[in-house]
Amino acid sequence: MALRRLSGVHAPHRKNTAAVAPVRMPVPAMLTIPMSMHIGAPAKPMVSPGDTVKVGQKIAEAGGFVSSPIYTGASGTVKKIEGVLASGGAYVPTVFIETDGQQEVSETVSPPEVTDLQSFLNAVRESGVVGLGGAGFPTAVKLAVKDLNQIEAVIINGAECEPYITSDTRTMLDDADLIMEGVALLQKYLEVKRIVFGIENNKPECIKKFQELTKGQKGVEVMALPSLYPQGGEKVLIYNVTGRMVPEGKLPLDVGAIVINCTTLAAIARYVKTGMPLIEKCVTVDGSAVKEPKNVIVPIGTPMKDVFEFCGGFKAEPKKVLYGGPMMGISVPDLEQPILKSTNAILAFDKKDAEPPRETACIKCGRCIAACPLNLMPADIETAFLLKDGAMLEKLRVNICMECGCCSFACPAKRPLVQTNKLAKQTLRAYQEAKKAEAEKAKAKEEAKKAEEAKTA
Amino acid sequence: MSENMIVSVSPHVRSGMTTQKIMAIVLIALIPAFAASIVFFGARAIAVVAVCACAAVISEYIFEKITKRPSTIGDLSAVVTGVLLAFNLPVSIPLWMAALGSAVAIVVVKQLFGGIGKNFANPAITARIVMLLAFPTAMTTWTAANTVIHTGAVDAVTGATPLGLMAAGETAALPGLSELFFGQCAGCLGETSALALLIGFVILLCTGVITWHTPVVYVATVFVFTWLIGEDPVRHILSGGLLLGAIFMATDYSSTPSTAWGRVIFGLGAGIITTFIRVWGNYPEGVSFSILLMNILTPHISNWTRSKPLGMIVEKKGAN
Amino acid sequence: MTKLDNFTKGIIRENPVLVLVLGTCPTLATSTQTSNAIGMGAAATIVLLCSNAAISALRKVIPDKVRIPCYIVLIAAFVTIVQMLVKAFAPSLNEALGIYLPLIVVNCIILGRAEMYANKNTVGDSVVDALGMGVGFTLTLFVMASIREIFGSGAWFGMAIPFLQNFKISIMTLAPGGFFVFGCLIAVVNRIMMKKGKPRRSLGCKSCPCAEACGKASCETEGKGAEA
């Protein structure tokens, strides 16, 4: 459908854990559930220290329209609620739950009443589901479309382009029926005419399975994508499926597309079917320091170190631990960090893989320019950033950068181009704000002058 | 166990390509031409190449030592510059001149402008032009090539280069096309053998070190324009330093545009200027001057051929 | 500033060619041979002396708005005299300098010193300044020409140096070599000034002869003078 193939890089696949079904780990001793695991306002805790909680019980309500409620995946007692230093650097209020191992299910867990679009959206909201591909945007807000005719295609993201991660692959293989129920829900309530499964061609079993499941169904198709990182990036996916590029600053809905991760869809279907909200995640545990890499089903809030221990512990001292995949993942300073709603992998690397490479001078080879899926010019952006040239950064449209990491991956001089782009975005914003302020000052001066002339005239 | 973990920015996995590997691949691609130069010009070719490469590395090392900058000789770019300069010299060049040329290439053209990635002109080509102006007789004294291939063509190994003979109109003494293709004619060390250079081209293309745009467009432009003017196009692309320049010099990263269309324009401009100098100019060979002139135009070409970011919105003018 | 200081500043600290970067055209053109260079330097110094003295003497008389044409008339008069003298008594020098002798009229050093110094200072000070500038100019020309002639033609003052005959680097006598030597000398002077701890004085747009014609002259008022 697309006019041209977008660039990318051939990141190594390393899908070591794809073949085996996920294992459920025993409930950890303590759950630490941060109130902000999604884009938008943090959730507000509904429990206090000393309260007993049961599985599936709501412990925090949504903090605003763009927000999401939080449920607990283990039964036990709330120990404390305090601010914890999160990997992003901010202090996030976190609910500490001391588990009792009983896993008693809460009475509040019951399938919701879904009869029309509004009740469906309420159900999605109540499920606590956010973008489970890693972005963490509240799905209820994404699906709250005012004009249903605007939706031309819903793309189900089964690309999973990052190295190592296989949790979406397992969802597609093990929960395929839930995904199809989710498809049915979308067709029924959102009246979606076209649903496309986007699956990378390094997962041939998933493609085959869904081709069989969607055989004969009108309005549902399976598209095999090349195994080129970043096929799972929203803009890239939409372009490859619809041939349209989302303009800068706009949303996918403005080109008629909604992208929803396959695990997100499965979680919504699960809630509608059983009433169990989002309380646990299937997380890929891999990396050169992990003894037994596997996919693990863990309650949200489980500390990383418990998950690593369940996977046999470390065979080498972990020197770098990541949330997410190696291309866009965030490295964490300690192993106390919990599994969040948006976590789909934790990776631990030994010393050899952990050392960042030494950066050398840019040789202007242009590999970053060739690799960028959005046609940006990272080498020129770096030059403009070092010169603090806001006008040039605006010309180069650094604000479009999705920080996928292709440029840094391709760079032979090992330059931190993604980091430069992030900083350049700040420089650009400051420049644009200064420009706006000056324009307004000039306008005010003009108007004052005009007012004076009018007075004297 | 959890102290001293490394926290760094994404991405945490990188491609295996490094600057040093790129330069190593270029050197490997130059080996066929090096072998050809030894076959046709004898053992002195080794001395010239060795002196140039060593002088380049030593001058880079000394310069970086004096200016208290970190040493970059490990990235092999000085070696590449030295070897490429040597391939632009006649085999009889006095070794001290070759060494001086290498020093000029590295210190003046590359290091004084900021080092690797910041030079605006191709170091080897510019140094060759400097040497041409500095040592005019030594740079235009050509030795006959060793007769390795007996094709029965008339007088295949005179002392003047094919382009020199063409400019003087002495068509009788011209080497045959097969001599030109294999390299059995007078000229600079690395420029005579089209076969060896094409092997190098294939190596560079397959490893992704260069893209096809500049070399193909450059050579095609010369072919088309010489044909339009009425000269023999095949002879023109096989003679002189065109293939060496198009494949190895016009593809230098920092002095040429980095987008596909930019490279096309570069090749087009270089081809036109080369043809003009060869046919109507005072010099028999125009490749080095045309590459230098296009290097100077490169910032403007880059401005014109900037990639268009996908999804960018251009504000209509007059919207105030 | 003492008289001695006034004189010596023209040699390194405010060298007209290497620091003020004035008079580059005759510098590059006549520094191919040392004998020409000395001749050019001498001629320019004489004109500079006379014009500085005359302009300084007349500084209170010449109206500000027409000062440039007046200076040019004065300088042209002196150049004509010097040219006639050279034609008469040193015809070979006249041949060697060619067009650059009458071009001393528009030599930026002479007009520049008139603008920057002579029209604000006494005759005595102006003469010392002219002497310093002239000596600095001649010295620079001498050094540049020596380098270019020795490396480019293997000779000095026309006398061939035997062991350099096989090591001539002809580019030195051509334009590229000239510019290169020029740049190297400026670098050397910068280094000397840096070592002495004397920062380059920012001389501002006021001292430039083209200040009025150039559109950027107004940037002086905003405190952004051009750096020397």
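The values are calculated or read from the model by the stated rules, or taken from the named source; none is laboratory data. Computed from a prediction, not measured in an experiment: that's the story for all the values here. Methodologically, a virtual Cβ is constructed for each residue, glycine included, from the backbone with ideal geometry; neighbour enumeration extends over all protein chains shown.
Structure above, values below:
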item	result
Neighbours by Cβ (under 6 Å, 6+ apart or cross-chain): first from region B:88-115, under 20 Å from C:S170 (Cα atoms); second of a type in the set (K, R) and modelled with pLDDT of 95 or more	B:N88/B:R128
Restricting region B:76-121 to residues that are in a loop (DSSP other than H, G, I, E, B) and among the aliphatic types (A, V, I, L, M), the residue that is nearest to B:V57 (Cα to Cα)	B:L76
Test: residue in region A:347-364 that is within 24 Å of A:N399 (Cα to Cα), within 8 Å of chain B (Cβ to nearest Cβ), crowded, with 18+ Cβ neighbours inside 10 Å and free of Cβ contacts under 8 Å to residues at least 24 places away in the same chain	yes
Criterion: crowded, with 18+ Cβ neighbours inside 10 Å and assigned to a loop (DSSP other than H, G, I, E, B) - qualifying residue of B:T226, B:T214, B:T221, B:T192	B:T192
Within region A:6-53, tally of residues that are farther than 30 Å from A:N240 by Cβ, without any contact (Cβ under 8 Å) to a residue 24 or more places away in the chain and part of a loop (DSSP other than H, G, I, E, B)	1
Subset of region A:245-263 (residues that are assigned to a loop (DSSP other than H, G, I, E, B), among the aliphatic types (A, V, I, L, M) and within 10 Å of chain B (Cβ to nearest Cβ))	A:M245, A:V246
Residue match in region B:137-153 (condition: aliphatic (A, V, I, L, M), more than 30 Å from B:V234 (Cβ to Cβ), part of a helix (DSSP H, G or I) and modelled with pLDDT under 95)	yes
The lone exception for A:L347 - which of (1) closer than 28 Å to A:P93 by Cα; (2) in a loop (DSSP other than H, G, I, E, B) it fails	(2)
Members of region A:369-380 that are assigned to a helix (DSSP H, G or I) and either within 24 Å of the chain's Cα centre (by Cα) or more than 9 Å from chain B (Cβ to nearest Cβ) (or both)	A:A371, A:P378
B:T251 being outside any loop (DSSP other than H, G, I, E, B) and either more than 30 Å from A:K235 (Cβ to Cβ) or of a type in the set (G, A, S) (or both)	no
One residue from A:K388, A:K395, A:K425 being at the interface with chain B (Cβ under 8 Å from one of its Cβ atoms) and surrounded by fewer than 22 Cβ atoms within 10 Å (Cβ to Cβ)	A:K395
Residue within region B:85-100 that is within 30 Å of A:E359 (Cα to Cα) and of a type in the set (A, V, I, L, M) present	yes
Boolean, B:T251 is in contact with a helix residue (DSSP H, G or I) (Cβ under 9 Å, 6 or more places away or on another chain) and crowded, with 24+ Cβ neighbours inside 10 Å	yes
Any hit, region A:233-244, residues being assigned to a loop (DSSP other than H, G, I, E, B), of a type in the set (D, E, K, R) and either closer than 23 Å to A:H13 by Cβ or more than 14 Å from chain B (Cβ to nearest Cβ) (or both)	no
Set C:T8, C:T24, C:T32: member being in the same structural domain as C:G158 (by TED's automatic domain parsing), polar (S, T, N, Q) and at pLDDT below 90	C:T8
Region B:1-41, residues that are touching a strand residue (DSSP E or B) at 6+ places or on another chain (Cβ under 9 Å) and either more than 12 Å from chain A (Cβ to nearest Cβ) or hydrophobic (A, V, I, L, M, F, W, C) (or both)	B:M1, B:M5, B:I6, B:V7, B:V9
Verdict on A:G301 being assigned to a loop (DSSP other than H, G, I, E, B), buried (at least 20 other Cβ atoms within 10 Å of the Cβ) and at the interface with chain B (Cβ under 9 Å from one of its Cβ atoms)	no
Within region C:1-97, helices (runs of 4 or more DSSP H) holding 1 or more residues that are charged (D, E, K, R)	C:3-8, C:67-89, C:91-97
Considering residues of region A:319-337 that are more than 7 Å from chain B (Cβ to nearest Cβ), buried (at least 20 other Cβ atoms within 10 Å of the Cβ) and part of a loop (DSSP other than H, G, I, E, B) only, the residue nearest to the chain's Cα centre (by Cα)	A:G324
Test result for A:T383, more than 7 Å from every other protein chain (Cβ to nearest Cβ) and among the hydroxyl-bearing types (S, T, Y)	yes
Test: residue in region B:265-272 that is in a helix (DSSP H, G or I) and within 14 Å of chain A (Cβ to nearest Cβ)	yes
Residue in region A:272-288 that is surrounded by 23 or more Cβ atoms within 10 Å (Cβ to Cβ), in contact with a Pro (Cβ under 7 Å, 6 or more places away or on another chain), more than 14 Å from chain B (Cβ to nearest Cβ) and among the polar types (S, T, N, Q) present	no
Residue count for region C:146-191, restricted to those that are away from chain B (no Cβ under 14 Å), surrounded by fewer than 12 Cβ atoms within 10 Å (Cβ to Cβ) and part of a helix (DSSP H, G or I)	1
Residue in region A:201-214 that is surrounded by fewer than 19 Cβ atoms within 10 Å (Cβ to Cβ), in the same structural domain as A:I260 (by TED's automatic domain parsing), touching an Asp or Glu at 6+ places or on another chain (Cβ under 7 Å) and not in a loop (DSSP other than H, G, I, E, B) present	no
B:T141 vs. criteria within 30 Å of A:E382 (Cβ to Cβ), among the hydroxyl-bearing types (S, T, Y) and touching a residue at least 12 places away in the same chain (Cβ under 8 Å)	no
Number of the condition not met by B:V51 [criteria: (1) in contact with a Phe, Trp or Tyr (Cβ under 9 Å, 6 or more places away or on another chain); (2) more than 24 Å from C:N166 (Cβ to Cβ); (3) at pLDDT 95 or above]	(2)
